[in-house]
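Heads up, the thing below is written out as structure tokens.
Each value in this text was obtained by applying a stated rule to the coordinates, not by laboratory testing. Every value quoted in this text rests on a predicted model; they were computed, and no experiment measured them. Here Cβ is always computed from backbone atoms with ideal geometry, including for glycine, and neighbour counts include all displayed protein chains.
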Amino acid sequence: MTEKEKMLSGKPYKAFGEELSSERQYAKEMIFDYNTLRPSQGDKQKEILKKLLGEVDNNFYIEPPFRCDYGYNISIGENFYSNYNCTILDCAKVTIGNNVMFAPNVSLFTAGHPVHYEARNAFIEYAFPINIGDNVWIGGGVIVNPGITIGDNVVIGSGSVVTKDIASNSIAVGNPCKIIRGITDEDKKYYFKKLKLNDKF
């Protein structure tokens, strides 16, 4: 197997061979262009991301600056919005559903290194997929670790470190991130704590 094949299949691999290095370099060049365009050049920004990312819908926006390793392992659904400083280490597949919002400084890390220093010093890495469902809001400064699935209709509180799967229809916060309660129809009435929404919005 090539190092890329190992990477994509969840096996230990080395990232500094010619193939993977050149693919990361290509992504860096594309991201540099994306991050340095003027705010008024939204069409060019979207064009770059459509070339770089694996699968995107027409209705999405990622506020610069943005960082990723390869791009082609990232799939995003309809109505995706990411605020500033999103980082996605997409050494494995990252799948993001429809109607997902990221606050600033969200980081998705599919990649990791062995705990024991001997393997780590030999530049061994691993990568496991991250899956995010529909209608998810991820708060500012959240870190999602390798191999995590976040279900549908989930809110992840700011500053959380997600180390285990999060079930659908829940609010989860903390380090490590834990579910604190479910989301119910009662939540439709409020926009912040006990501040009520208007009847129509």
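General remarks:
- With both residues required to sit in the chain, DSSP beta bridges show an antiparallel share near 25%.
- In percent, rounded to a whole number, the relative contact order of the range 3-196 is 13, using alpha-carbon pairs under 8 Å and six or more apart.
- Least to most buried among Met101, Met7 (fewest other Cβ within 10 Å first): Met101, Met7
- Between Lys11 and Tyr117, full extension at 0.36 nm per residue minus the direct alpha carbon distance yields a gain of 36.4 nm.
- Residue exposure proxy: Tyr13, Tyr61, ordered by other Cβ atoms within 10 angstrom of their Cβ from fewest to most, comes out as Tyr61, Tyr13.
- Note on Thr163 and Asn98: the model spin-label points, each 7 Å out from Cα along the C-beta direction, lie 3.5 nm apart.
- Across the cross-link table entries Lys50/Lys93; Lys51/Lys93; Lys6/Lys28; Lys4/Lys164; Lys50/Lys164, which are compared at the Cα atoms, the separations over 24 Å belong to Lys4/Lys164; Lys50/Lys164.
- Computed from Cα positions, the angle between helix 18-36 and the longest principal axis of the chain comes to roughly 40 degrees.
- Computed from the Cβ-Cβ distance with R0 of 30 Å, the FRET efficiency linking Ser21 to Lys188 stands at 0.05.
- Anisotropy class of the chain from Cα gyration tensor, a/c 1.5 cut: oblate
- For the range 174-187, putting each phi into the Karplus relation 6.51 cos²θ - 1.76 cosθ + 1.60 with θ = phi - 60° gives couplings of x, 10, x, 5, 9, 5, 9, 5, x, 9, 10, 4, 4, 5 Hz, in residue order, rounded to whole numbers and with x for Gly and Pro.
- Extension gain from Asn35 to Trp137, taking 0.36 nm per residue of separation minus the Cα-Cα distance: 34.4 nm
- In degrees, nearest ten, helix 42-52 long axis to first principal axis of the chain (Cα): 50
- Net dipole in debye of the range 3-196 [+1 Lys, Arg Cβ; -1 Asp, Glu Cβ; about Cα centre; nearest 20]: 640
- Most fluctuating residue given options Gly77, Gly42, Gly97, as computed from a GNM of the chain linking Cα atoms under 10 Å: Gly42
- Legend: calculated FRET efficiency, Lys46 to Thr2, from the Cβ-Cβ distance at R0 = 25 Å, rounded to 0.05, equals 0.20.
- Net length gained if the chain between Asn83 and Asp57 were fully extended (0.36 nm per residue, minus Cα distance): 7.6 nm
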